[in-house]
Amino acid sequence: MKLIRGLFFIVIFVVSLSARERVNINFSNLEINDFIKLVSKITNKNILINHKIIGTVDFISTSDVYDDELMDILVSTLESKGFSIVQKGSMYEIVRSSDITNSNVVVVEQGKKLSGSFMVTQVIEVKGENVDIIATKIRYLISKNAKLMTVRESNTILITDYPKNIETIKKVVKDIDTNKQTVIEIVPIKFAESKKFQARLTDVAKSLFNEKIASQEVKVMLDENTHSIILIGIKENVTKIQEIAATLDIEPNINNAVQIFELKNSDSKTVLASLNEIISKQTFADPALKPNVSANEEINAILAIGEANVIKGIKFIIDELDKEKYQVYVKARIVEINKNSAKNLGLKYGFAAGDISSSGLYAMSANFGDATLTNSAASSVLKYLGDIGTGAKSAFALGATLDFLETNGASKSVSNPSILCVNNQESSIYVGKTISITTGSVTSSATSIPGTTNSYKREDVGLTLRIKPRVSSVDKVTLTVEAILENVLDDGQNNSTGQPITSKQEVKTQAILRNGEDIIIGGLVKSFELNSKSKVPLLGDIPWIGDALFSSTSKSVEEDNLVVILTPYIINQSDKLSLLQQDLGVLTQLQREYNDAIFKKIQKGELGIEEDISQERE
């Protein structure tokens, strides 16, 4: 009765030849649950109601409607109340609209045209555009409780909505999706550097086309195997990049220059090594700009081929490397001082000459002079020799000391060599002799050539002096000095082997000296036994008896100190070498005059060395 009370309608069934039936319905203030039952009976559909739906519905019709349209009216009515219908096989279930996507909605094959009243799920393919951009544009078209998501990997849209909405969305996507055909073109590289050319075309493509739009993007890929560029995109965009590539890929206009740099002061191989080291560490934007350099030893020159501006840089480096080198003229004075003789000489003249080490000589020479004579000699140096060096002015006392010892038999000059050294290049001096040492023997028992045959090798025994200068300024030089002293202790007569016995002493040092200043290298000591015989005149010459009664022999241990005095003179220009030789001649003459004056004062007892030394110590 409740259904009859609320219902004012006339139902007329008209059966036609078609499958669809027409229904004429009108109702007002009809309970929704009753409306669901009515639709179920008319459409012959089984509908499951799991929720209590409160409300009424009105429908005013002036013409007949199809029976399947009743289901659309029901879905619309339920949607307004927050519910919807899901088909589950032959049955239909009313569910909340918020839960519909979790209710096993029917999935319809991609591309199939949709119809009906219930929500379905379908995949929409986007061909020519970015799927996320398309989804943003059509998202407003979906129903209130519909769901839409994008799948970037396949550039597709996954949507759950009513069939009519999905069909509308598919039509819109089709209209805004360019769906333009992608092409691939290979552009051979003729002149340009491949990686740089790829980067340049990529920048051009990004500037011309919006890379966020899939249809507009042009991918620029490099194939190093074929030395070509691969372009991927729509035809008109790829064609445009091809035209730009042809314009950019032209033969570089590099004005290569060839230049020969003849070296005046440096060795071409050394300069070439420096240039190659510098060039190898440089990064050139275009490899064609990298210069080629080589050395020609025959003419001592560097050959350079490259771009003009690069060659200018190479020329600057060569000019700096080929500057005239500093040279150092080193005067060496090798003196052998006998300790006992120097001591006796000191006792005779009243000065401590027993210590003849390097420090002892410095202490002795510091007081072995006269203030008036030294000042006079120094003034002469400044007057005649100019800038030969401030060190030369203080060398007179040391020179006088060494000459005094030699004049009185306490020392012996072994050698006075001189050597010209190039800055930062090692030079050496050797003073000594060569001895033979047996390396083996072969005894022959043959009757024709009987006896023993010895084999020998030659060994140098003496003083080796190695000097390496490093000039820091026109008035200062660092000397790296290595002195090696080798002596023969036994020539083989006093040992059972019959072989010479040698000793070796070595000194390595560094010193920073002023121009013309002396350095004394000591510590090279040689000890030996000296046999002496004394006898009574006439009686000592009597055979047998004289040796036994009127003569005696004694042995004493003598010690010689080998002292090396080095004096460097810096030469900044080669034409000053001859001038230096003249200055050194003048300096030698001044030294002689100074020595003569000092020796006369010593002989007369006017120098007062011992007194000067004691005062200085105080």
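A convex hull fitted around the alpha carbon atoms of the range 288-336 yields 123 Å³ per residue.
Remark: the range 155-169, residue by residue, has Karplus-estimated 3J(HN,Hα) of 6, 10, 10, 9, 10, 10, 6, 6, x, 5, 5, 5, 5, 4, 5 Hz, where x stands for each Gly or Pro and the curve is 6.51 cos²θ - 1.76 cosθ + 1.60 at θ = phi - 60°. Residue 219 to residue 125: FRET efficiency via 1/(1 + (r/R0)^6), r the Cβ-Cβ distance, R0 25 Å, to the nearest 0.05? Computed FRET efficiency for residue 219 and residue 125: 0.75.
At an R0 of 25 angstrom, the distance between the Cβ atoms of residue 599 and residue 511 translates into a FRET efficiency of 0.25. The alpha carbons of the range 184-317 give a radius of gyration and a Dmax of 21.1, 67 Å, in that order.
Pairs with C-alpha atoms separated by more than 23 Å, drawn from the list 112/212; 196/312; 45/144; 331/433, are 112/212; 196/312; 45/144. Both the radius of gyration and Dmax for the range 21-177 are 17.3, 52 Å, in that order, over alpha-carbon atoms. As a size descriptor, the averaged projected area of the C-alpha convex hull of the range 66-138 was calculated at 6.4 nm². Counting only C-alpha contacts under 8 Å and six or more residues apart, can you give the relative contact order of the range 229-333 as a whole percent? Averaging sequence separation for qualifying contacts and normalising by length gives 32 percent for the range 229-333. If the chain linking residue 294 and residue 176 were pulled fully straight, counting 0.36 nm for each residue of separation and taking away their Cα-Cα distance, it would gain 36.0 nm. Once backbone amide H atoms are built at 1.01 Å from N, residue 411 has 338, 406 as its partners under 5 Å, excluding neighbours fewer than 5 places away on the same chain. Rolling a 1.4 Å probe across the protein heavy atoms gives the range 8-156 an accessible surface of 59 Å² per residue. Placing dummy labels 7 Å off each Cα toward the beta-carbon, the span from residue 430 to residue 69 is 12.5 nm.
Translational diffusion of the range 92-181 was estimated from the Stokes-Einstein equation, with Rh taken as the Kirkwood radius over Cα pairs; at 25 °C and 0.890 mPa s the coefficient is 183 µm²/s.
Between 66, 107, 118, the Cα set farthest toward the positive side of the dipole of the range 60-190 (charges on each charged residue's Cβ, about the Cα centre) is that of 107.
In percent, rounded to a whole number, the relative contact order of the range 155-299 is 22, using alpha-carbon pairs under 8 Å and six or more apart.
In order along the range 226-243, phi translates into HN-Hα couplings of 9, 6, 8, 10, 9, 10, 10, x, 6, 4, 5, 6, 5, 4, 5, 5, 4, 5 Hz, rounded to whole numbers, per the Karplus curve 6.51 cos²θ - 1.76 cosθ + 1.60 with θ = phi - 60° and x for Gly and Pro. Distant-in-sequence amide contacts of residue 21, defined by a placed amide H-H separation under 5 Å and a gap of 5 or more residues or a different chain, comprise 67, 68. Here is the list for the range 246-303: GluC sites (Glu not before Pro) lying in DSSP coil, each with at most 13 other C-beta atoms within 10 angstrom of its C-beta, are 297, 298. Taking amide H atoms as placed 1.01 Å from N in the peptide plane, the amide H of residue 257 lies under 5 Å from those of 306, 307, 308, each 5 or more residues away in sequence or on another chain. For the range 239-299, trypsin sites (Lys or Arg not before Pro) meeting the loop criterion (DSSP other than H, G, I, E, B) and having at most 12 other Cβ atoms within 10 Å: 264, 281. Compactness check for the range 118-170: Cα Rg over 2.2 N^0.38 Å is 1.03.
The values are calculated or read from the model by the stated rules, or taken from the named source; none is laboratory data. What you see is a predicted model; the values in this text were computed from it and never measured. Please note: Cβ atoms are built from the backbone with ideal geometry, for glycine as well, and neighbour counts cover all protein chains shown. Surface accessibility is based on the protein's heavy atoms, side chains included, excluding ligands, DNA and RNA. Shrake-Rupley method; radii C 1.70, N 1.55, O 1.52, S 1.80 Å.
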